[in-house]
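S.K.: Here you go, one structure.
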Amino acid sequence: MESFPPPHPEFFPRLARLKAALALEKPDRTPVISNSDTFCVNHLGASMARFSTEPVYSAEVIMRSFAALPGFDATEMTSCVPDYVGAILMARMLVAGRELEEGRPYMVDESERLSADDYDRIVVMGWRPFFASYCKEKLGLDLSEYVPKMMAGAAAGAKLAMAQGLPVFTLPVNGAIPLEPLSGGRSMGKFMRDLFKTPDRVQAAMDVMLPEMIAEIREVLAFLPVKPLTVFLGVGRGSSGFLSPRFWERFVWPYLKAVIEAIHAEGIVANLHFEGDWERDLHFFREFPKGSCVFACEHTTDIFKIRDVLGDRMCIKGDVPSPMLAFSAPDEVYTYSRKLIEEMGDGFILAPACTMPPNAKIENVEAMLAAVKG
């Protein structure tokens, strides 16, 4: 295994700052991090086509962008793998240099690729064999070829991050809960119809998927020489805003609870990267032990309501909105960031809502970074 360079002098102070926030303790100052991908391409004038298809190149671009904007305490991830992100949604990803012209950010091409009969096939085959064959046949993605490239990108990015003193905040593994890939593969409309018409068939597939998804997380964690700070759980279609309480409590909560508990059992924080409106069901998350999760919102759910319900149970991350970073004046970004820092209390990490938008203004990113210094 290739050796890593000695950590930069800033690495351990930043790591301590993050760990304090995750544990709801008082850090020396509020940490600030970013999930930056296509923003880095535009920031540096790099090739979007190479960035979207070459994981090692993407890692180099991301870390060069962070080096040019000193002040962050961590990078959320170290490389960009759009095809795999599409795959875990059971959808095809359109990328520059292939389906899109150079310079265009990648985008999901969601259509009905998963049939109603595939629920039964998942039960018979098992999830991981089905998923591998699905990726190859329906998405044109051979995981046996792509995963080594993805791992090389992650390793290259982690090495570059450590050399410039940036901890890596999270580790993505799979689709978090069964609903996310199934709704992408069926398409949301067809999937919602399935929940009404054949709920037992859907649940049978989910019940096969869940233990295999948890096992995959455990296998990846066991393989790593160093445990990550957090494990990434990206959920959007499973938000309260998408599903009625009847469906949410049957098709989301039991699966999400099981995954979070499995991650906690490994001694790692679950990074709840939640898109959409979760306000109705925030109280469910009080079940988890203090410090076992970080709630990463993307501005649809009111961050102050998250604080009021969960602020004594888990770290909260966010929530500078994309339109503000892209279109507002630096003073507005600074003022909003300061408001968050002053009112969210301990156990808070300042970050863009969801990801750094590709068209964020450099001066607005600098304003967000300046806010943590007061």
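Nothing in this text is a laboratory measurement; each read-out follows from the coordinates by a stated rule. This one's a predicted model, so the numbers in the text were calculated from it and none came from an experiment. Glycine gets a Cβ as well: all are built from the backbone with ideal geometry, and neighbour counts include every protein chain shown.
S.K.: Suppose we keep only residues that are under 17 Å from TRP127 (Cβ atoms) and of a type in the set (Gly, Ala, Ser) within segment 188-219. Which one would you say is surrounded by the most Cβ atoms within 10 Å (Cβ to Cβ)?
M.R.: Taking the candidates together, the pick is ALA205.
S.K.: A further question follows. Show the residue pairs that are 6+ apart or on different chains and have beta-carbon atoms under 8 Å apart, the first residue being within segment 197-220 and within 28 Å of GLY267 (Cα to Cα), the second being in a helix (DSSP H, G or I) and of a type in the set (Val, Ile, Thr).
M.R.: What qualifies is VAL208/ILE122; VAL208/VAL123; MET209/ILE122; LEU210/VAL259; MET213/VAL259; ILE214/VAL259; ILE217/VAL259; ILE217/ILE263.
S.K.: Here's a follow-up. Looking at (1) in contact (Cβ under 8 Å) with a residue 40 or more places away in the chain; (2) assigned to a helix (DSSP H, G or I); (3) over 30 Å from ARG201 (Cβ atoms), which is the only condition ASP83 fails?
M.R.: Result: ASP83 passes all but (3).
S.K.: Now for a different question. Does any residue of segment 245-261 turn out to be closer than 26 Å to ALA204 by Cα, in contact with a Gly (Cβ under 6 Å, 6 or more places away or on another chain) and in contact (Cβ under 8 Å) with a residue 60 or more places away in the chain?
M.R.: The answer is yes; a qualifying residue exists.
S.K.: Turning to a different aspect of this structure: Take segment 316-345 and flag every residue that is in a helix (DSSP H, G or I), buried (at least 18 other Cβ atoms within 10 Å of the Cβ) and small (Gly, Ala, Ser).
M.R.: SER322, SER337, listed by residue number.
S.K.: Within segment 164-183, is there a residue that is touching a Phe, Trp or Tyr at 6+ places or on another chain (Cβ under 9 Å), buried (at least 22 other Cβ atoms within 10 Å of the Cβ), among the polar types (S, T, N, Q) and part of a helix (DSSP H, G or I)?
M.R.: Scanning segment 164-183 turns up at least one residue that is touching a Phe, Trp or Tyr at 6+ places or on another chain (Cβ under 9 Å), buried (at least 22 other Cβ atoms within 10 Å of the Cβ), among the polar types (S, T, N, Q) and part of a helix (DSSP H, G or I).
S.K.: Give me the residue from segment 104-127 that is more than 25 Å from the chain's Cα centre (by Cα) and part of a loop (DSSP other than H, G, I, E, B) and, out of that set, surrounded by the fewest Cβ atoms within 10 Å (Cβ to Cβ).
M.R.: Among them, the one singled out is ASP117.
S.K.: Right, another one. Pairs please, first residue from segment 344-363 and touching a residue at least 60 places away in the same chain (Cβ under 8 Å), second anywhere and buried (at least 24 other Cβ atoms within 10 Å of the Cβ) and among the basic types (Lys, Arg), Cβ atoms under 6 Å, 6+ apart in sequence or on different chains.
M.R.: Cβ pairs passing all conditions: ILE349/LYS317; ALA351/LYS317.
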